[in-house]
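Notes follow once the structure below has been shown.
Read-outs throughout are calculated quantities, based only on the coordinates presented, and are distinct from any laboratory measurement. Quick caveat, the model's predicted, so the values are computed rather than measured. Positions of Cβ are generated from backbone atoms using ideal geometry, with glycine treated the same way; all protein chains shown enter the neighbour counts.
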């Protein structure tokens, strides 16, 4: 025990200095070519990004170590108290029993917490930090160059520099429009189909239901790639039918306006079955005597739908609609697989006409290596989604009701 | 009489409408399935139903040296099954601890996980990539299993916790009075009761691993390590329309297990989703 803590102290004493230096300066020597005996040799310098991650790991470990030390000190204190009171200190076996009986939850959470700490929290902290550096292609990519802290420069660039702010506002505008229209169309179509199927005169409900939800069961990746082929301007079957009926071919995926319409139509195909299922499950919970009462009062079918069905559905589904709205805001699959953001827009920085913020972020990260801007966009996306969610929780109050279900 | 006629008309119109919806829903799938049996390679087809049918593309899929479809299929199965097992274990113990016990930092941990779920996943991909590189885990299936499993905690925690919240406390207390310890209560009372939730978590992770092509293509560099989703996406990207019928055959083969699972278990999915929504 003493040995372990001694080792830890020496480890942190040396690693911490390195870590603080690393995260504060992000390295001070870029790799460079040096002439040695008439040959140029590459001297590796500091790799800013690896330094940053290593420093973060050390700082995270240190935080864990400090928590452990506090626990150990508390434990030693209580052991000392017990000894002073004339009791024998607890054995290792007793400690285990104590953990099992009184700290079972903490015991269960050790592994998940460690995993989340290093695989989720650390990466997110890292990416947030990147927004405050100049880590971007072509001038600040390690190991050839160093990366430096630049404060809020990235955000200033994104909002003020006209080439970036133009792209940002354009993409943001389309993202909002897309999220609203995509959510509204899937919900309206799902509602319509559910209402038609729920009429008591309609037979074979199970079979209709199964056939209607098939698109939901097919993996999106497959159906969207297939859709991309279907809407292919030259060889795809859609244009083939259109020209067969003498209507002329349409630039489904290559014209800005038609591409936007296509992604909305395809998203309706993908999303309608889920809305249909959700609305159907709510419809089955509406008490039938409400309709009986309405009939007695002389309400027609439309009035019944307007006064009973719609309010009931809206009340139950409103939180889910908000979640879907947030989901569509970040709907990566539909856009990426269908158009990949295209057709390209020459006025935009690395984005096309149908790019959402999330696909733009992806392109900036993996294709163009402009990490600082991508990270700033990620932070903005987070703020938008968080605002949505907080508002939603306020509305549903499910957090408060948690104890009531017990 | 007039009233009955209008009812008849309404029912007929409803059937027509439903038939149209079903055509719209089924057309893309039917088109891909039929294309996979179509002779030739191209996207272009003269008729909706091919004039002659062939199994050649399915044979080629499994015999072609350049495609390695069999290897990919086995890789995918390995990654998906292992992620499913590990993630179900992790999600269950996390949700159980956070639902049934009261301890300091509990509310804070819940809020933290809620907040973490709101960050776009791609944001952390670069950092996870560098971490995996430093651990020497790049180009391994273990990396995928670890990242998928721990990632699924954040996605599924609230569904699972919501489920545990609804289980009555009485059963648990009865078992405790009979002398069962924490571990026994968890394994012999709680786990058997939470089967529907376990199925939901297991299947979302299984399908997630089955169809992920973004993170998998970032981590898996060598072709013999690929999963089917990576292979299929590569096929579409590099050949476009040239091998369309082969793509169709591959798509059918990848989609079939997932589609069947979904259809079979659709009830769980809807209740899982609504539970998640109600509980936050």
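Odds and ends about this structure:
- Debye log10 I(q)/I(0) at q = 0.13, 0.17, 0.26, 0.28 Å⁻¹ for segment A:218-274, Cα point scatterers: -0.34, -0.57, -1.08, -1.15
- Inter-site label distance for residue A:31 and residue A:155 at 7 Å from Cα along Cβ, in nm: 3.4 nm
- Measuring nothing but how far apart in sequence close Cα pairs (under 8 Å, 6+ apart) lie, relative to its length, chain B scores a relative contact order of 33 percent.
- Per-bin percent of Cα-Cα distances, segment A:159-405 [5 Å]: 1, 6, 11, 14, 14, 14, 13, 10, 8, 5, 3, 1, 0, 0
- The angle between the Cα long axis of helix A:104-116 and the longest principal axis of the Cα atoms of chain A comes to about 80 degrees, rounded to the nearest 10.
- Rounded FRET efficiency, nearest 0.05, which uses the C-beta distance separating residue A:125 from residue A:165 and R0 of 35 Å: 0.85
- Label-to-label distance for residue B:13 and residue A:176 is 3.8 nm, based on points extended 7 Å past Cα in the beta-carbon direction.
- Chain A - percent relative contact order, Cα under 8 Å, separation 6 or more: 17 percent
- Stretching the chain fully between residue A:202 and residue A:79 yields a gain of 36.9 nm (0.36 nm per residue, less the alpha carbon separation).
- Test item: A:119-130 mean partner chain Cβ contacts at 10 Å: 6
- Taking other C-beta atoms within 10 angstrom as a stand-in for reagent exposure, B:98, A:169, A:158 fall in the order A:169, A:158, B:98, fewest first.
- Gyration tensor verdict on segment A:2-151 (Cα atoms; rounded if a/c is under 1.5, prolate if a/b is larger than b/c, oblate otherwise): prolate
- Cα gyration tensor, chain B - rounded (a/c under 1.5), prolate or oblate: oblate
- Between residue A:67 and residue A:41, the C-beta separation translates, for a Förster distance of 56 Å, into a calculated FRET efficiency of about 0.75.
- Zero-based 5 Å bins, Cα pair distances in segment B:50-151, whole percents: 2, 10, 12, 14, 15, 14, 10, 7, 5, 5, 3, 2, 1, 0
- Shape category assigned to segment A:91-201 from the gyration tensor of Cα positions, a/c cut at 1.5: oblate
- Computed FRET value (nearest 0.05) for residue B:81 with residue B:55, which takes r as the C-beta separation and R₀ as 35 Å: 0.80
- Take each residue in B:251-260, count the other chain C-beta atoms within 10 Å of its C-beta, and the mean is 4.
- Residue exposure sequence - B:115, A:147 - by fewest surrounding Cβ within 10 Å: B:115, A:147
- Computed on the Cα atoms alone, the convex hull of the protein assembly as shown gives a volume of 227 cubic angstrom per residue.
- 222 nm mean residue ellipticity, helices alone, for chain A (DSSP H n ≥ 4; -39,500 (n - 2.57); rounded to 500): -22500 deg cm²/dmol
- Listed peptides A:95-101, A:116-122 by packing density, highest first (mean Cβ within 10 Å): A:116-122, A:95-101
- Euclidean distance between Cα centres, segment A:83-160 to segment B:129-179, Å: 18 Å
- With neighbours defined as other Cβ atoms within 10 Å of a residue's Cβ, the residues A:164, A:21 order from fewest to most as A:21, A:164.
- Cα-based helix-to-principal-axis angle, A:256-283 vs chain A, degrees rounded to 10: 90 degrees
- Dividing the mean sequence gap of close Cα pairs (under 8 Å, 6+ apart) by how many residues segment A:19-129 holds gives a relative contact order of 21 percent.
- Cα centroid separation, segment B:187-209 to segment A:180-211 (Å): 29 Å
- Degrees, to the nearest 10: A:357-366 long Cα axis against longest axis of chain A: 40 degrees
- Number of partner chain Cβ atoms within 10 Å, mean per residue of B:21-34: 6
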